[in-house]
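Since every read-out is calculated from the coordinates, none of them should be taken as a lab result. All values reported here derive from a predicted model rather than from experimental measurement. Cβ sites come from the backbone with ideal geometry, for glycine too, and all protein chains shown count toward neighbours.
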Amino acid sequence: MIFRSGLLAVLVLAVSGNGTALQASIFDECSEAKLTDNKKLGLEITEKLKRFTTLNGTTLNSAIDCFSWVYGEPFVFEPISKMYLPKDSADAVIAIRKDALKKAAIVEAEEEALLAEKNAVSARDEAERKLALEEARVKRERETREQQKIEQRHQTVLVATYKACGALFQRNPNEALLNQICHEFFMETGLPD
């Protein structure tokens with residue numbers, strides 16, 4: 001009975017503790033797959049790595065290296081969506097996010113100017129000012145949520161298009177190049193290796 005309890009404790013420690021033993025094993029598997037150039041095993045490993053979204057430091061770099069090797073292009077970890085993405089796709093997402101932040105800053109500046117004007121009118125308008133602030137906050141939150149949904153859909157479509165066009169290119173390069181969607185995608189990102 002003591003032996004079973006000890007074995008159970010060892011298993012619990014190996015799987016818990018932020019999964020460090022499991023993570024190390026996955027990175028060892030990826031290194032071994034690289035050495036033997038086993039892309040199929042590499043794909044299986046990256047599917048497992050997608051579940052690890054709280055990596056940092058060396059372990060995050062190891063995961064990114066594994067994705068980059070498997071897919072043959074630079075990958076990054078996009079922390080807001082908690083996804084591993086091709087660097088080009090992540091750059092596009094970041095550009096969209098920056099544009100949205102600029103627009104939000106402009107809207108916020110306009111709202112602040114409007115509020116300053118309302119404050120100057122009179123003290124009796126204080127209740128209207130508070131209401132306007134609350135409406136502006138709610139509007140900003142709604143716009144931010146909507147922008148996040150749009151970004152998430154955009155990321156999902158980019159990754160799915162990348163996978164679909166890459167798979168089609170591997171099976172039939174001519175068909176992939178003649179496919180209008182894949183052709184446009186390849187013109188933006190380049191041909192897969």
- Looking at the square roots a ≥ b ≥ c of the eigenvalues of the Cα gyration tensor of the stretch 98-193, which shape do they give, rounded for a/c under 1.5, prolate if a/b is larger than b/c, or oblate? prolate
- Where nothing but the Cβ of Lys and Arg (+1) and of Asp and Glu (-1) is charged, how large is the charge dipole of the stretch 78-193 around its Cα centre, in debye to the nearest 20? 340
- Calculated from backbone phi, Karplus (6.51, -1.76, 1.60) coupling profile of the stretch 76-88 in Hz, x at Gly/Pro: 9, 9, 9, x, 6, 7, 6, 10, 8, 10, x, 3, 4
- Query: List the lysines whose alpha-carbon lies under 28 Å from that of K40, not counting same-chain residues fewer than 8 positions away?
  - Reply: K48, K50, K82, K87, K163
- Environment charge at L55 (Cβ cut-off 14 Å; Lys +1, Arg +1, Asp -1, Glu -1): +2
